[in-house]
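Everything below concerns the one structure shown next.
The values are calculated or read from the model by the stated rules, or taken from the named source; none is laboratory data. Here the structure is a predicted model, which is why all the values come from computation and not from measurement. With ideal geometry, Cβ positions are generated from the backbone for all residues, glycine too; neighbour counts draw on all protein chains shown.
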Amino acid sequence: MEKVVIVGAGLVGSLWAVYMSKAGYDVTIYERRPDIRRADISAGKSINLALSTRGWKALDTVGIGDEIRSMAIPMTGRIMHDMESNLTYQPYGKEGQAIYSISRGGVNAKMMDLAEKHGNAVIKYDMQCTNVDVKAGIVHLKNTITGETSSDTANLVFACDGAFSGVRYNAFQKLDRFNFSQNFVEDGYRELLLPANEDGSYKLDKNALHIWPRGRFMLIALANEDGSFTCTLFMPHENHEKAFDRLNDKAAVDNFFKTTFPDFYEMMPNIADAWEDHPLSSLAIVRCYPWTAGKVALMGDAAHATVPFYGQGMNSGFEDCTIMWELMQKHGKDWEKIFSEYQISRKPDGDAVQDLSIHNYHVMRDFVGDPMFLLQKKIEAKFSENHPDKWMPLYSQVTFSNIRYSEALEVGKRQDAIMKEILKMPNIKNIWDSKEVENAILKAL
């Protein structure tokens with residue numbers, strides 16, 4: 001039996017282990033961290049994830065979607081909270097369409113179980129990858145507890161070890177003509193856990209993603225299974241009137257939330273005490289190419305790490321599995337062809353999901369509370385309903401379809417240009433759902 005080594009037992013690595021085992025390979029996963037299933041995974045451990053169509057397709061292809069559905073909470077739209085505590089609801093898609101909130105820690109633990117159960121994978125923990133001989137398929141390792149070094153040889157090696165990939169850093173970045181860039185956005189994030197009510201019920205509507213958009217920064221909240229919400233404040237690290245470096249004592253934190261997010265503060269008046277429960281973290285976009293060398297391929301964040309504002313980081317990583325699997329059906333075991341086509345076809349989509357993620361940050365932060373933006377969304381939804389063959393909103397293309405990210409990005413740019421002209425029409429606020437507007441869009445198309 002041919003052997004596969006996967007570096008990284010995160011979401012993509014665990015899922016890919018199921019795929020490769022089903023294809024008849026002997027799979028070993030090396031993970032730098034301890035087994036998270038033996039640790040206490042608090043609901044607010046890491047930004048909650050939003051599973052959507054691409055992710056479900058990858059899970060369902062190997063028959064494990066239902067096991068993840070059991071722990072997923074559907075969110076049918078966004079609820080915006082303004083400074084006066086007024087709420088505005090904006091559906092994500094059509095009736096019945098939703099994205100699904102899942103705890104990163106919870107789903108990662110489940111995916112590890114599935115890799116072992118469905119994939120017969122062996123996961124070895126506390127094993128750091130220190131180098132890879134890409135031509136020979138030799139993975140060099142160090143036990144992070146004992147310091148002991150070892151190596152393993154495989155027919156194929158898949159680096160699923162995240163944005164700060166050890167395989168990419170130690171092996172790929174030393175290769176000739178390997179392009180690499182790492183850009184941190186100026187904003188960071190800090191998580192907060194909004195507990196359930198005393199009776200275990202939710203303090204907010206659990207079937208929506210809650211956003212407190214405040215122009216240059218925002219707070220979001222996604223529901224957990226236990227009645228709590230994982231909340232995340234995204235804000236500049238420094239150099240702004242509202243920035244993390246200004247919230248340096250309990251009084252400043254208390255005042256900031258009381259004046260900026262009054263309805264949230266009412267639900268969590270002890271926010272200043274919980275402020276230090278989770279660390280301040282940074283956000284980076286990593287681009288690189290090529291994604292394959294010799295017997296080794298980069299997948300997920302190791303190839304195209306993005307920021308979390310479109311909820312597509314995990315979904316795009318899972319889609320890497322879908323694409324690689326389809327190429328295996330096409331080329332059999334000709335891994336040279338599989339790797340070549342994988343990186344050539346997938347790289348534009350990796351770049352596009354990063355561009356989309358940055359774009360959606362501005363949408364969530366700056367525009368979701370803007371009446372003209374909300375009007376634009378209403379016009380698009382109405383037109384799409386009447387002409388589904390001519391118009392699918394960008395968000396739906398990304399979230400509720402398997403259209404390539406790169407194609408969705410281009411179509412979205414054209415649609416946005418058309419809508420900017422439509423919004424200039426006289427009296428648009430009163431005639432938005434008229435035949436006149438519909439015909440103007442048809443003409444522009």
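Counting only strands (runs of 3 or more DSSP E) that fall entirely inside the range 49-103 and contain at least 2 residues that are farther than 21 Å from residue 404 by Cα and touching a residue at least 40 places away in the same chain (Cβ under 8 Å), the qualifying elements are 73-75, 77-81, 87-91, 99-102. The set of residues in the range 273-307 that are within 21 Å of residue 190 (Cβ to Cβ), part of a strand (DSSP E or B) and in contact with a helix residue (DSSP H, G or I) (Cβ under 7 Å, 6 or more places away or on another chain) contains only 285. Quick check: is even one residue across the range 161-169 basic (Lys, Arg) and surrounded by fewer than 21 Cβ atoms within 10 Å (Cβ to Cβ)? No, the range 161-169 contains no residue that is basic (Lys, Arg) and surrounded by fewer than 21 Cβ atoms within 10 Å (Cβ to Cβ). Would you pick out the residues in the range 11-31 that are out of contact with any Phe, Trp or Tyr (no Cβ under 8 Å at 6 or more places or on another chain) and charged (D, E, K, R)? Passing the criteria: 22, 26.
If you check residue 53 against the conditions, is it closer than 28 Å to residue 210 by Cβ, at pLDDT 90 or above and among the β-branched types (Val, Ile, Thr)? Yes; evaluated as a whole, the condition is true for this residue. In the range 360-445, counting only helices (runs of 4 or more DSSP H) that sit wholly within it, the ones holding 3 or more residues that are over 20 Å from the mean Cα position of the chain (by Cα) span 371-386, 405-422, 428-431, 435-444. Here 265, 169 are screened, and the one residue that is more than 21 Å from residue 311 (Cα to Cα) and either basic (Lys, Arg) or assigned by TED's automatic domain parsing to the domain that holds residue 298 (or both) is 169.
Being in the same structural domain as residue 15 (by TED's automatic domain parsing), assigned to a helix (DSSP H, G or I) and either among the aliphatic types (A, V, I, L, M) or out of contact with any Cys (no Cβ under 6 Å at 6 or more places or on another chain) (or both) is a property that holds for residue 320.
Of all the criteria given as (1) out of contact with any helix residue (DSSP H, G or I) (no Cβ under 9 Å at 6 or more places or on another chain); (2) under 19 Å from residue 90 (Cα atoms); (3) of a type in the set (D, E, K, R), the one not satisfied by residue 436 is (2).
With respect to being within 30 Å of residue 231 (Cβ to Cβ) and part of a strand (DSSP E or B), residue 157 falls outside the description.
Contact annotation: residue pairs with Cβ atoms under 6 Å, 6 or more positions apart or on different chains, pairing a residue in the range 213-240 that is more than 13 Å from residue 193 (Cβ to Cβ) with a partner that is polar (S, T, N, Q), are 220/232.
Looking only at residues of the range 217-265 that are of a type in the set (S, T, N, Q) and either surrounded by 19 or more Cβ atoms within 10 Å (Cβ to Cβ) or at pLDDT 95 or above (or both), we find that the one that is nearest to residue 276 (Cα to Cα) is 232.
Rundown of residues vs (1) on the phi > 0 side of the Ramachandran plot; (2) of a type outside the set (A, V, I, L, M); (3) surrounded by fewer than 19 Cβ atoms within 10 Å (Cβ to Cβ); (4) outside any loop (DSSP other than H, G, I, E, B), yes/no style:
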| site | (1), (2), (3), (4) |
| --- | --- |
| 105 | no, yes, no, yes |
| 108 | no, yes, no, yes |
| 114 | no, no, no, yes |
| 120 | yes, yes, yes, no |
| 139 | no, no, no, yes |
| 142 | no, yes, yes, yes |
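Of all residues in the range 351-368, those satisfying the criterion of being touching a Ser or Thr at 6+ places or on another chain (Cβ under 7 Å) and either within 22 Å of residue 219 (Cβ to Cβ) or not aliphatic (A, V, I, L, M) (or both) are 354, 357. Total residues in the range 93-111 satisfying the condition of being touching a helix residue (DSSP H, G or I) at 6+ places or on another chain (Cβ under 9 Å) and at pLDDT 90 or above: the figure is 4. Every residue in the range 394-416 that is touching an Asp or Glu at 6+ places or on another chain (Cβ under 6 Å) and touching a residue at least 60 places away in the same chain (Cβ under 8 Å), please. Correct list: 405 only.
Residues checked against (1) more than 27 Å from residue 362 (Cβ to Cβ); (2) outside any strand (DSSP E or B); (3) among the basic types (Lys, Arg); (4) out of contact with any Asp or Glu (no Cβ under 7 Å at 6 or more places or on another chain):
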position: 200; (1), (2), (3), (4): yes, yes, no, yes
position: 209; (1), (2), (3), (4): no, no, no, yes
position: 212; (1), (2), (3), (4): no, no, no, yes
position: 220; (1), (2), (3), (4): no, no, no, yes
position: 226; (1), (2), (3), (4): yes, yes, no, yes
position: 233; (1), (2), (3), (4): no, no, no, yes
position: 254; (1), (2), (3), (4): yes, yes, no, yes
position: 257; (1), (2), (3), (4): no, yes, no, yes
position: 266; (1), (2), (3), (4): yes, yes, no, yes
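Just one of (1) buried (at least 23 other Cβ atoms within 10 Å of the Cβ); (2) closer than 23 Å to residue 169 by Cβ fails for residue 315. It is (2).
Taken residue by residue, the range 51-65 has no member that is more than 19 Å from the chain's Cα centre (by Cα), within 20 Å of residue 303 (Cβ to Cβ), of a type in the set (D, E, K, R) and crowded, with 19+ Cβ neighbours inside 10 Å.
With respect to residue 384, is the statement that it is among the small types (Gly, Ala, Ser), in contact with a Pro (Cβ under 8 Å, 6 or more places away or on another chain) and either buried (at least 19 other Cβ atoms within 10 Å of the Cβ) or at pLDDT 90 or above (or both) true? Full working, then the answer.
Values: among the small types (Gly, Ala, Ser): yes; in contact with a Pro (Cβ under 8 Å, 6 or more places away or on another chain): yes; either buried (at least 19 other Cβ atoms within 10 Å of the Cβ) or at pLDDT 90 or above (or both): yes.
Judged against the criteria, residue 384 is a match.
Being hydroxyl-bearing (Ser, Thr, Tyr) and over 27 Å from residue 157 (Cβ atoms) is a property that holds for residue 384.
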